[in-house]
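Please read the structure below before turning to the comments.
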């Protein structure tokens, strides 16, 4: 028996699959939904989320931490914008006390640093 799925159903299945992986890894994985307006990158220092938020300034964007989730809400300013809400799971490796957010030229950047004890550290090689 074969099943056929539309694009929305496939995107939902892929996003559900990735949601399970981000909990195991401790940080969110990039979304595979082409309609999403955000990008998630990671490096040795932590995770950086960038999101296009044209027409929103810092007064119209709320970034909060609730339990183990990062919640980003764009509040409606007038009839020409609809508002938005995104929720991301924050893994145990990330330092929720030092999350920072900036918005410049319609791009929101949220920095989620790794906790110090999980950051890679360089070991000095000594000569005897």
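The values are calculated or read from the model by the stated rules, or taken from the named source; none is laboratory data. Quick caveat: nothing in here was measured; it's all calculated off a predicted structure. So basically every Cβ, Gly included, is an ideal-geometry build from the backbone, and we count neighbours across all protein chains shown.
Some values worked out for this structure:
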| item | result |
| --- | --- |
| Top-ranked residue of segment 61-72 - restricted to ones that are part of a strand (DSSP E or B) and in contact with a helix residue (DSSP H, G or I) (Cβ under 9 Å, 6 or more places away or on another chain), ranked as farthest from residue 47 (Cα to Cα) | 65 |
| Some residue of segment 48-68 being closer than 18 Å to residue 118 by Cβ, modelled with pLDDT under 90 and loosely packed, with under 10 Cβ neighbours inside 10 Å | no |
| Residue satisfying all of: in segment 82-128; in contact with a helix residue (DSSP H, G or I) (Cβ under 6 Å, 6 or more places away or on another chain) and part of a strand (DSSP E or B); surrounded by the fewest Cβ atoms within 10 Å (Cβ to Cβ) among these | 89 |
| Some residue of segment 22-40 being part of a helix (DSSP H, G or I), at pLDDT below 85, over 13 Å from the mean Cα position of the chain (by Cα) and surrounded by fewer than 15 Cβ atoms within 10 Å (Cβ to Cβ) | yes |
